[in-house]
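The values are calculated or read from the model by the stated rules, or taken from the named source; none is laboratory data. Computed from a predicted model, the values in this text were never measured in an experiment. Every residue, glycine as well, gets a Cβ built from its backbone with ideal geometry; the counts of neighbours run over all protein chains shown.
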Amino acid sequence: MWLTVQKEGGLGEIFYPDLGTPSARLLRFAVSDGRTATDANRAARVRTELVDERSLGYRQVFTERAGRWRLTATYLTDPSRDTVLADVRFVAFDRRHYDVHAIYDPALANTRGDDTGRTERDALVATDGRVASAFAGWPPFAATSSGYRGASDGWTDLAADGRLDHRYRAAAAPGNLVQTASLRFTGRGQATLALGFGADAAAALGAARGSLTAGFPAVSRGYTGGWHRYLAGLPAPPRVLGGAEQRRLYRVSVMVLAASEDKTHRGAYIASPSMPWVWGAEEPSGPYHLVWSRDLYQIATALIAAGDVAGAGRALDYLFTVQQKPDGSFPQNSHVDGTPVWEGLQLDEVAFPIVLAHQLGRADAGTWDHVRRAADFLLGAGPVTPQERWENQSGYSPATIASEIAALVCAADIARANGDSAAATRYLATADEWQASVKSWTVTTTGPYSSGPYFLRLTKDGNPDAGTTYTIGDSGPSNVDQRRVVDPSFLDLVRLGVLPADDPAVVNTLPVIDEQLGVRTARGLYWHRASFDGYGEKRDGSRWEFGLPDDSRITLGRAWPLLNGERGEYQIAAGDTAGARRQLTAMARAAGPGHMLPEQVWDHQPPGTFEPGTPTFSATPLTWTHAQYVRLAHNLAAGRILEQPAVVAARYR
């Protein structure tokens, strides 16, 4: 079981039976006084807080804006059963009679249009023929109802007159089911809610009732104890972390990484357990619930830094299980069970498993077989990539080429360890050729942003001084001169040891990036991921969508805090530890409720009154961002880039 807590209040997706399968969309609360009903999320100020900073247990406090009542909900999963538990407490501060209702929206087996539901004794059961859920409480619910979203669901009923008048015992036809339960207390009280899941109704009911019998205090001790033991097995947070808040964020980040691993398919760490924008309307759910080789490398190197080498090893083992036959490539992404999903090819995702194997010191014959096939694929396919790391462009990407060079040098080292000097010679010859050429492919001397040379996001033709044009995508402009498109990913050339930190083109590109992509806020300096980026909310704050027309500039990509981590690692390489500390602080200040680090923060064009530097509605938590925070902290403590392959840095120093 995995649960997600919504920053606006209540639970979001609940995952079962694996981390790629959300089986519920929300659990929220409504409060009625017999005449009107209010959505607790909209009627109250919501505060989200950690129950214990060494455990991913969360409490939300809903305080009604006029001060008439307060509702507190504490959430966790039962380590012994497939159940989510919520401890709910309510207190009224006036003399009115209030009823509290819990509204549950199942989406069993990752679909929400084929569920049926019914009341079974004092519990609500839902099923879609493949999986089932059971919603029960203690004390038992005072009333229950199963209906269809927007027509006969409990909220529609409550909104009419503040009462649950229509208590439907069953919604027998498959549809978009919503179930409602009235809790058995009025002016004040406490209740435990259990959402159990299973292959059928009996199993789901057994899980829910078993957790209620065990009781919230006992389950809470087991849940928090598990996290305590995990953290106790790791080194303490690095001393470079400034103050209790940064140490708390560090611990949460480590736990977020651990929680992002599927426990059925070990080593499958997903990109994010969230469903932002249009991806929340997708069925099955969108790409953030998939495993990406690149993100997995970022997570695994952070786990190594944090001391969870076993977790990083499982990540590499997982990657080897999804490696494609017979060519040796890796899928663009995959379900947690290893089934490829999208059909794109990104050469950094082929390169990074090799670098990770070297980072883990894996040079056995079995590892060498996987590394050899991936390295041979790079020889035939590189250096031009069909997609670079931001997914939507092909060409000569400095970041992708950096990963390819590092991978080939690491592969050569593993080849030598296995007695294959011929392969090592081939890999090194190509790596040296690409290292000598990368600037001629990707550094312009005729661009509009500087009189000196600077790196481009990519070139389409390997000729960075040509005014070759391409379409940005994501509602961005068309026919843009490639010399006007920059991004910070060229810093991977330094991070991976391919170029020195003081390389003139590297140094000259930094102020270009700051001028073109920098977002100065009260919380720190952040960066857009690329020029003209449109991967983000629309200008009015509504969601990003597919198929928006080119040149419309309807959507805006905002700033990415993970880029602060990458700049900080560069600053460490350049000897600027004070600058790297500022990046760590800026990342910490970008955290949202519950110490969750987002994919993006608002820039200087936020809708409404959102503050620049605070989380947008993008994927939160993004595991890559948390991984980057963990890694930057350890790199600062060490005074060097720990994940930099020594053989690469030594060869090109």
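Here are some notes:
- Test: Leu548 is over 20 Å from Pro273 (Cα atoms) and over 18 Å from the mean Cα position of the chain (by Cα): yes
- Residue in the stretch 478-490 that is surrounded by fewer than 22 Cβ atoms within 10 Å (Cβ to Cβ) and part of a loop (DSSP other than H, G, I, E, B) present: yes
- Within the stretch 342-366, the set of residues being in contact with a Ser or Thr (Cβ under 7 Å, 6 or more places away or on another chain) and modelled with pLDDT under 95 is empty.
- Test: residue in the stretch 436-450 that is surrounded by 24 or more Cβ atoms within 10 Å (Cβ to Cβ), assigned to a helix (DSSP H, G or I) and of a type in the set (Gly, Ala, Ser): no
- Where a residue in the stretch 639-651 is under 18 Å from Glu404 (Cβ atoms) and its partner, wherever it lies, is acidic (Asp, Glu) and part of a helix (DSSP H, G or I), with Cβ under 9 Å and at least six apart: Glu643/Glu569; Gln644/Glu569; Pro645/Asp413; Val647/Asp413; Arg651/Asp432
- Per the conditions (1) closer than 24 Å to Pro511 by Cα; (2) in contact with a strand residue (DSSP E or B) (Cβ under 6 Å, 6 or more places away or on another chain), the sole criterion not satisfied by Ser450 is (2).
- The stretch 373-419 - residue that is touching a helix residue (DSSP H, G or I) at 6+ places or on another chain (Cβ under 6 Å) and among the acidic types (Asp, Glu) and, of those, nearest to Gln359 (Cα to Cα): Asp413
- Residue in the stretch 123-134 that is modelled with pLDDT under 95 and of a type in the set (Gly, Ala, Ser) present: yes
- Exactly one residue out of Tyr104, Tyr168 is without any contact (Cβ under 8 Å) to a residue 40 or more places away in the chain and assigned by TED's automatic domain parsing to the domain that holds Gly34: that is Tyr168.
- The set of residues in the stretch 615-638 being farther than 17 Å from Leu296 by Cα, of a type in the set (Gly, Ala, Ser) and in contact (Cβ under 8 Å) with a residue 24 or more places away in the chain consists of Ser618, Ala633, Ala637.
- Residues satisfying the stated conditions in the stretch 7-59, i.e. surrounded by 19 or more Cβ atoms within 10 Å (Cβ to Cβ), touching a Gly at 6+ places or on another chain (Cβ under 7 Å) and part of a loop (DSSP other than H, G, I, E, B): none
- The stretch 131-162, residues that are assigned to a strand (DSSP E or B) and among the hydroxyl-bearing types (Ser, Thr, Tyr): Ser133, Thr144, Ser145, Ser146, Tyr148
- Scanning the stretch 121-130 for residues being outside any strand (DSSP E or B) and buried (at least 24 other Cβ atoms within 10 Å of the Cβ) gives a total of 0.
- Residue within the stretch 413-426 that is closer than 21 Å to Val494 by Cβ, at pLDDT 95 or above and touching an Asp or Glu at 6+ places or on another chain (Cβ under 7 Å) present: no
- Unique residue being among the charged types (D, E, K, R), buried (at least 16 other Cβ atoms within 10 Å of the Cβ), within 17 Å of Ala37 (Cβ to Cβ) and out of contact with any Cys (no Cβ under 9 Å at 6 or more places or on another chain) when the list is Arg118, Arg149, Arg112, Arg96: Arg149
- Single unsatisfied condition, Ser274 versus (1) among the polar types (S, T, N, Q); (2) in a helix (DSSP H, G or I); (3) under 20 Å from the mean Cα position of the chain (by Cα): (2)
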